[in-house]
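The values are calculated or read from the model by the stated rules, or taken from the named source; none is laboratory data. This one's a predicted model, so the numbers in the text were calculated from it and none came from an experiment. Every residue, glycine among them, receives a Cβ derived from its backbone with ideal geometry; neighbour counts consider all protein chains shown.
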There are 2 protein chains.
Amino acid sequence: MAKPPDTREKLLQVAFDLIWNQSYGSVSVDQICERAHVNKGSFYHFFDSKSELAVEAYEVNWREKQPELDRVFSPQNPPLERLLLWCQYVRDRQRQKAEKYGRVCGCPYASLGTELATQDEKIRAKSQEIMGRTIRYIESALRDAARERLISLKNTAAGAKRIYTAVLGLLLYAKVHNDLSLLDELESVIMDTAGAKTLAV
Amino acid sequence: MAKPPDTREKLLQVAFDLIWNQSYGSVSVDQICERAHVNKGSFYHFFDSKSELAVEAYEVNWREKQPELDRVFSPQNPPLERLLLWCQYVRDRQRQKAEKYGRVCGCPYASLGTELATQDEKIRAKSQEIMGRTIRYIESALRDAARERLISLKNTAAGAKRIYTAVLGLLLYAKVHNDLSLLDELESVIMDTAGAKTLAV
DNA sequence: TCGGCACTTGACTATTCAGTCAACGAATGT
DNA sequence: ACATTCGTTGACTGAATAGTCAAGTGCCGA
């Protein structure tokens, strides 16, 4: 039905999209196959299990999004502006998803991670890994900001984790309240946590 | 098998415990019944559906825990000490759960809320409601702290939400990393967010 | 003593689930 | 022309799923 290289791709995309919007537990392999216009046999030709698919879908999604994050966190941008651009990026992604499904969907990595952290070790590890990658971006921005004396924060490693977890919490809160406007706080939460001396923009 | 008033209670407790440790999607009604030593018919004598049980289990659990929170957040305690006691309370609960199952389980309300926010409106609403109740405790402490000039924060409503979401994020992060020691940060995250002027122990 | 009521029992249904399989097609290289 | 390889097809399995039901049991009030 679909051309060879497309089938696998389609499954990964559909799986990521559905699991993000719903939850791992409530998305079935049948549902993924139906949406991707792929037969079940083909699914199991490419993937050993639903769990393995999820891990790979999230990894592939990250790799797709990485160029955008590289741009956002480019050392060419002033350090604090990187963080502000990231806020926009996060909010945009949430808004797109919310427009598509009428629901605030929160952070896909955190949602899957929380749901399965105690159940599926590989998914837990992948979620942890992806979180770590994002924190690396933040930390780099913080280090550059500290060097330029733009923030009061000293321990950039701890600060990056703290900013990241604060954002996770805010996204979770917005998801449960199904209210995008709660994400307006993103910038000030981050800047306050970083101890930014001047609140840009 | 069990005495009349016990059956319903047992189901609620077991359900809360299992869903918290695993996830809503991965816990079956059969599993709940088996653990509670209750027949399936009895289950459906008391509850209309798995979803309704979950809502009620979470509400009941909250009511059971409320006295402890009332004690923690008692106006008899100095405002900032309330927040510190709350940190201990949260950490204790997490430690107990982790000892029982070998897994950091995170915030039960947030876990269920994120998993089902886009799927089950009643559960979403209950999760939101319980979050709101906790925030009320925090806000009251912040207001008293502000009155005593213990914190720099002005907008106590926004501050309470911010503290709560920061804690949610930290719990989520600890769950995904399955690492209790990450909760050592609780106090400083809260005190920094509140803008506490002196960092009490 | 009896009738009703709250609860129990466990077998039952119908559906959905993840995962399997053997047969089939279509390129590709030789 | 042929074999091999990669992918497709869709019917199939067996287990698990949420939820039902009719027949019980035991208690409590009249």
> Looking at (1) touching a helix residue (DSSP H, G or I) at 6+ places or on another chain (Cβ under 7 Å); (2) closer than 18 Å to B:A166 by Cα, which is the only condition A:C105 fails?
Replying inline: (2)
>> Filter region A:13-41 down to the residues that are touching a Lys or Arg at 6+ places or on another chain (Cβ under 9 Å), within 13 Å of DNA strand C (Cβ to nearest atom) and part of a loop (DSSP other than H, G, I, E, B) and list them by number.
In response: A:Y24, A:V27, A:S28, A:V38
> Within the bounds of region A:40-54, is there any residue that is in contact (Cβ under 8 Å) with a residue 40 or more places away in the chain and touching a strand residue (DSSP E or B) at 6+ places or on another chain (Cβ under 9 Å)?
Replying inline: no
> free of Cβ contacts under 8 Å to residues at least 24 places away in the same chain and more than 18 Å from the chain's Cα centre (by Cα) - does that describe any residue in region B:162-179?
Replying inline: no
>> So, in region A:11-34, how many residues would count as being of a type in the set (D, E, K, R) and away from DNA strand D (no atom under 14 Å from the Cβ)?
In response: 1
> So how many residues does region A:167-181 have that are farther than 25 Å from A:S140 by Cβ, more than 7 Å from every other protein chain (Cβ to nearest Cβ) and crowded, with 19+ Cβ neighbours inside 10 Å?
Replying inline: 1
>> All but one of (1) farther than 25 Å from A:M131 by Cα; (2) part of a helix (DSSP H, G or I) hold for A:K10; state the number of the condition that does not hold.
In response: (1)
> Take the residues of region A:46-99 that are among the small types (G, A, S) and touching a Phe, Trp or Tyr at 6+ places or on another chain (Cβ under 9 Å): which is farthest from DNA strand D (Cβ to nearest atom)?
Replying inline: A:A54
>> Please determine whether any residue of region B:81-96 is at pLDDT 95 or above and within 30 Å of A:V27 (Cβ to Cβ).
In response: yes
> Only one of these conditions is not met by B:Y44: (1) within 16 Å of DNA strand C (Cβ to nearest atom); (2) aromatic (F, W, Y); (3) within 14 Å of chain A (Cβ to nearest Cβ). Which number is it?
Replying inline: (3)
> Of the residues that sit in region A:47-74 and are within 16 Å of DNA strand C (Cβ to nearest atom) and among the small types (G, A, S), which one is farthest from the other protein chains (Cβ to nearest Cβ)?
Replying inline: A:A57
